[in-house]
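Heads up: the structure comes next, in structure tokens.
The numbers here are math on the coordinates, done by the rules we state, and not lab data. Note that the structure is predicted; figures quoted are calculated from it, not measured. All Cβ positions, glycine included, derive from the backbone under ideal geometry; neighbour counts span all protein chains shown.
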2 protein chains.
Amino acid sequence: MAASGFPPPGTRAEVEEGAAFTPRFGADGLVTALAVDAVTGEILMLAHMNRDALARTIETGEAWYWSRSRGELWHKGATSGQIQTVVEMRVDCDQDALLLRVRVGGDGGCCHTGRRSCFYRTVAADPGTGAVRLVPADPPRPSTHP
Amino acid sequence: MAASGFPPPGTRAEVEEGAAFTPRFGADGLVTALAVDAVTGEILMLAHMNRDALARTIETGEAWYWSRSRGELWHKGATSGQIQTVVEMRVDCDQDALLLRVRVGGDGGCCHTGRRSCFYRTVAADPGTGAVRLVPADPPRPSTHP
């Protein structure tokens, strides 16, 4: 599929109930993409794709993103080995968000900090003072739910 | 917590490894927020929060978002009854995305189309032609993984 091959969104009914994949790229040219471990169900990372990254993901079956910090296409795992093989891709009701169920290569990790998931901290509010701080999140539990 | 009460991000090490909650709002004033069913593990929706919505979510323990389409604060479930009670909130490595594990009130649904989840369609590519279309996603399986 050419990078320009995604048709523009149609009517609301078409977008929400139709069979046409018409991803709604934002003003910045990006859609949000969530990666979930297809084996454990663990939520791994939230990133973004432009048209080219999305087209490459569909063509290759591996996750490509647009790195906003580096301003470049990003083949996830190309240097780390943490390739994300796409088992399933879903789109949400208004087609501006993607959900990827992936099998992770290499050491099975995802986050550049070395953790498996980027969501490794819980936002904890003190019931008394209301003060908020971050604490380590519980490790994921075994699951049968991809 | 006042809506202006979130301190600005510090150094990269502070953002990634510190205990201070310093959400990184984008140029549009928003952070991305993902809601997951705390009981079933089902991924429900992806939405956005501005400072005020995030502050109200922390204060009330119920999910508030910023509706980009309506341009207003959105107390999820206020009209539908599908209130999202926050069981846990996590933040990602660079603190520009939130993960909310929620218990859903009302009929347990989330999507305005009437489905439980907004991610009700799979992006399916024809292996021969490469043509892409949307097909109904498999229903979620029972899970022990919140």
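Given the structure, is B:Glu72 over 14 Å from the mean Cα position of the chain (by Cα) and more than 10 Å from chain A (Cβ to nearest Cβ)? Spell out how you get there, then give the answer.
Working: over 14 Å from the mean Cα position of the chain (by Cα): yes; more than 10 Å from chain A (Cβ to nearest Cβ): yes.
Judged against the criteria, B:Glu72 is a match.
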TODO: Return only the number of the condition from (1) more than 13 Å from every other protein chain (Cβ to nearest Cβ); (2) aliphatic (A, V, I, L, M); (3) part of a loop (DSSP other than H, G, I, E, B) that A:Ala19 does not satisfy.
DONE: (1)
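Please go through region B:48-60 and give me each residue that is more than 9 Å from chain A (Cβ to nearest Cβ) and either under 22 Å from A:Asp28 (Cβ atoms) or not polar (S, T, N, Q) (or both), ordered by number. Give the steps one after another, and end with the answer.
We begin by selecting, within region B:48-60, every residue more than 9 Å from chain A (Cβ to nearest Cβ); these are B:48-57, B:60.
Those that are more than 9 Å from chain A (Cβ to nearest Cβ) and either under 22 Å from A:Asp28 (Cβ atoms) or not polar (S, T, N, Q) (or both): B:His48, B:Met49, B:Asn50, B:Arg51, B:Asp52, B:Ala53, B:Leu54, B:Ala55, B:Arg56.
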TODO: Sort out which residues of region B:83-104 are at the interface with chain A (Cβ under 8 Å from one of its Cβ atoms), assigned to a strand (DSSP E or B), over 10 Å from the mean Cα position of the chain (by Cα) and in contact (Cβ under 8 Å) with a residue 24 or more places away in the chain, and write them in order of number.
DONE: B:Glu88, B:Val91
Task: Residues of region B:24-45 satisfying the condition of being facing chain A (nearest Cβ under 9 Å) and in contact with a strand residue (DSSP E or B) (Cβ under 6 Å, 6 or more places away or on another chain) - done: B:Thr32, B:Leu34, B:Val36, B:Ile43, B:Met45
TODO: Just give me the residues in region B:2-17 being crowded, with 17+ Cβ neighbours inside 10 Å and not acidic (Asp, Glu), in sequence order.
DONE: B:Phe6, B:Pro9, B:Val15
Task: Members of region B:105-131 found to be outside any loop (DSSP other than H, G, I, E, B) and either more than 7 Å from chain A (Cβ to nearest Cβ) or free of Cβ contacts under 8 Å to residues at least 12 places away in the same chain (or both), listed by number - done: B:Val123, B:Ala124, B:Ala125
